[in-house]
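What follows is a short report on a single structure.
The values are calculated or read from the model by the stated rules, or taken from the named source; none is laboratory data. Since the structure is predicted, the reported quantities are computational estimates derived from the model, not experimental observations. No Cβ is skipped: glycine too gets one built from the backbone with ideal geometry, and neighbour counts run over all protein chains shown. All accessible areas refer to the heavy atoms of the entire protein, side chains included, with ligands and DNA or RNA removed. Shrake-Rupley method; radii C 1.70, N 1.55, O 1.52, S 1.80 Å.
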Amino acid sequence: MHGRPRKALKQEDETALSAKTEKLRSLQAQFLANHHNRIYSKEALDVSAKLLEVNPECYTAWNYRKLAVQHHLTNSDSDPHSIFQGELKLVEIALRKNFKSYGAWHHRKWVLSKGHSSIDNEMRLLNGFQKADPRNFHAWNYRRFVTELMKRSDEDELKYTEEVIGANFSNYSAWHNRSVLLSNLLKRKAEGYFPKEKFLEEEFEHVHNAIFTDPDDQSGWFYHLWLIDQTVKTDAPLLVSSWPSHGSSITLIGDNSLQGCHLSLLNGTLSDTATLPVILNFNLAVEGINSSTVSIKSELLEEELVWKPLSMSNSNTAKVWVVYLNLGNMELQSSKTYSVDISIGHSEGIVSSNENHYGDPSQISFKVFVQTASIKHSEGQGGKRTTWKNTNFHKIDHFQESDPILSAVQNHHIPTTSNWHAEEIGEEITQFRDLLSEYDCKIGKLTLARLLTALDLLSSQHDGRISNTEEVLQLYTDLIKLDPTHSLYYKDEHSLISIQQITSTRDSLLPYCHYYRDETETITGYVCLRLQNLSLSRLGSIENLLWVQMLDLSHNELQSIEGLEAMQLLSCLNLCHNKIGSFTALGPLRLVKSLKVLNISHNELGCHSVDTTRYLCPSPLSHTEEFAWDRFEILTGNVSATKFWEAFLIFGSLALTELNIIGNAVADENFRSFLVKVLPTLKWLDDEELS
């Protein structure tokens, strides 16, 4: 069992263990020989059965049994019922040896799925195992499988979980099974469970009995977290932000052909291809964004538009979608205003991953004004080098009302929820404040932080205020000190709340917005959002940052930049002095085609022999697209390229003009030479101008 210290074996126990080990090796050798030679005789099956009785965890033996069953079923005189019955008996013997054997439970499922065996005995077997260990999640998982075969109602199973929890509320598996059953009932809107207000109130009361009886037992806390999620979340997908935002005006400044044109101040800068991105950000991942479900009407359209999901997994489902209006080949009239009208969801087809349809048809309208003016190339456009010193930034005193800085804060797409949700969360906060006043526990503080965050989310849909942020931040700060084992999680949550606090309103955002001044002390058209030195370990609230074109995230603790792919206007990015340990963590940059300036100096690229960020990011780069090996081999030449291929996947799809990689273990002369070949557009590398 977990937590029990190991004791040294006595001499006689060591002798017995050696004999047992030798017997097991002999059985394994015989079994593997039979398996290799595809021998499925009765004697061979007896060997595999003996092996599984001794070691139920031998997956290969269970797979061999499946092959043997399929082999014997091909004989015309075989008795399927007898064959499968023999398999069920073997599984039962193996489970009595180890009732947490994955292979044994999976094999039993496989046998029953063939339809030749009765399921009448299964509940009796399950009851026996669940009495021996009521928390055995293998048995609970198998129970869900059996009850589905039996067509036993979710309501009956819900009563069973209540009986088990009543006998002993310290049962993670029973609480989890309850959440699964209630999710099924909610999904099909079963009578008595929809709308969900009444039954959720009863469930909160139910779990309170467990939590307040023994606050140190965590089984009820996890179910309580699920209830919070059910109270706060919306089932249907909603549009939470967009760029351009509704009612905004975009000014294009450039020559008549608009090659290399710029957007007006505070609205970002277009790339050299003169494309205007239109970005839709939903609260849930959705599919079905196309010309049928999203219509765009404007004189600026001359070709068929194709919406693209901004997903790191090459999925057709994503929270953020983008389409590009190609303005570079158009003869636009100067001093003219063009209207763009976007209708979203007025025809069916937008569906979330949980199969809920978009049910809030929305309209976004904005204007594009064309102004002819001479343009000087600014940083990232092949001119002067970008510098990130404090002296290069000039604080903005105030925003103009016409500046569409935050689309999400002024968003009119989110329907207000009923007061019940906020009232229920408010009651829970009162309950847990009372608990913490009498009993100080870590998970109680964590739950209070989650409840306060949930209340802020619900309140923001009504009045836009984030009223509990400071208390939530303090709770996570306390938890970092109280519970060092989980400090990374608490830091991530602290970071998410901090960014939400900064980006929630125009007033809170203003101190972090600066004009950029180049080396000639000329204020450029760039506004930089400076989020440096904030101890951020995770990015969030990206829906509030779609307008950002220059971003400073230096001197933080970031290990990945997940979510940054939504920032399709981003041209200049400073990530120096963070904890980025591999190029995998930079994967989102591959989707930011507007990026020209990148500073990733003084990170941990090349420090780790194992790419630990594979476990932090959505998916490894090597699994997301075909690799251009021919071009890669030409670029690397005779140099050992094992540390270059992920960098090639990142930089090979970008058109950077400036890159800084100083202070990384990977940044040697070979790697610098490689980057110059991969990035033919590069003008500056490590603060040195390339010839």
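With a probe of 1.4 Å, find how much accessible area the range 22-230 has per residue, and write the answer as a whole number in Å².
52
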- Message: Just to verify a number: FRET efficiency for residue 434 and residue 478, C-beta to C-beta distance, R0 = 22 Å, to 0.05?
- Response: 0.75
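Determine the dipole magnitude for the range 275-353: charges of +1 sit on the beta-carbon of Lys and Arg, -1 on that of Asp and Glu, nothing else is charged, the reference point is the Cα centre, and the result goes in debye to the nearest 20.
Rounded to the nearest 20 debye, it is 280 debye.
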- Note on the structure: Filtering trypsin sites (Lys or Arg not before Pro) in the range 132-164 by DSSP loop and by at most 10 other Cβ atoms within 10 Å leaves 151
- Could you please tell me the mean projected area of the C-alpha convex hull for the range 26-70, averaged over all directions and given in square nanometres to one decimal? 2.7
- Task: Could you pull out every residue, at least 5 positions away or on a different chain, whose amide H is within less than 5 Å of the one on residue 369? Hs are placed 1.01 Å off N in the peptide plane, and Pro or chain starts have none.
- Result: 250, 251, 252, 338
- Message: Going by amide H atoms built from the backbone, whose H comes under 5 Å of the H on residue 526, apart from near neighbours?
- Response: 516
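So what's Rg/Rh here for the range 128-196, counting alpha carbon atoms and using the Kirkwood radius for Rh?
0.98
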- Given R₀ = 60 Å, FRET efficiency for residue 486-residue 655 by Cβ-Cβ distance, to 0.05? 0.90
- Message: Straight-line reach from residue 7: which lysines fall under 27 Å, measuring Cα to Cα and dropping same-chain residues less than 8 apart?
- Response: 20, 23, 97, 100
- Task: Please list, or write none, the lysines whose alpha carbon is within less than 30 Å of the alpha carbon of residue 196, excluding same-chain residues fewer than 8 places away.
- Result: 151, 159, 187, 233, 319, 442, 445
- Determine ³J(HN,Hα), in whole Hz, for all residues of the range 532-537 in sequence, where each value follows from phi through the Karplus function 6.51 cos²θ - 1.76 cosθ + 1.60 and θ = phi - 60°; x replaces Gly and Pro. 8, 6, 10, 6, 6, 10
- Query: By how many nm would the segment from residue 275 to residue 32 lengthen if fully extended, with 0.36 nm per residue of separation less the alpha-carbon distance?
  - Reply: 81.3 nm
- Identify, among 206, 60, 168, the residue whose Cα sits farthest towards the positive end of the charge dipole of the range 22-230, taking +1 on the Cβ of Lys and Arg and -1 on the Cβ of Asp and Glu, with the dipole about the Cα centre. 60
- Local electrostatic count at residue 439 - Lys and Arg +1, Asp and Glu -1, tallied over other residues with Cβ under 13 Å: -3
- Task: On the protein heavy atoms, probe 1.4 angstrom, tell me the percent of accessible surface of the range 22-230 carried by carbon and sulfur.
- Result: 51
- Provide the per-residue ³J(HN,Hα) series for the range 650-661, in order, calculated from phi with Karplus coefficients 6.51, -1.76, 1.60 and θ = phi - 60°, each as a whole number of Hz, with x at glycine and proline positions. 6, 7, x, 9, 10, 10, 5, 9, 9, 8, 10, 10
- Taking every other residue with Cβ under 15 Å from the Cβ of residue 64 and scoring Lys and Arg +1, Asp and Glu -1, one gets 0
- Query: Hey, which aspartates and glutamates would be in cross-link range of residue 109, C-alpha to C-alpha under 19 Å, not counting anything within fewer than 8 residues on its own chain?
  - Reply: 53, 57, 87, 92, 120, 122, 148
- Query: Which whole-Hz couplings ³J(HN,Hα) result when phi for each residue of the range 185-196 is put into the Karplus expression 6.51 cos²θ - 1.76 cosθ + 1.60, θ = phi - 60°, listed in order with x for Gly and Pro?
  - Reply: 5, 5, 4, 9, 6, 5, 4, x, 10, 8, x, 8
- Item | Amide H contacts of residue 284 (H built 1.01 Å from N, under 5 Å, at least 5 apart or other chain) | 238
- For the range 22-230, divide the Cα radius of gyration by the Kirkwood radius and give the resulting Rg/Rh value with two decimals. 1.08
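Sorted by mean Cβ packing within 10 Å, highest first, what order do the peptides 28-41, 281-294 take?
281-294, 28-41
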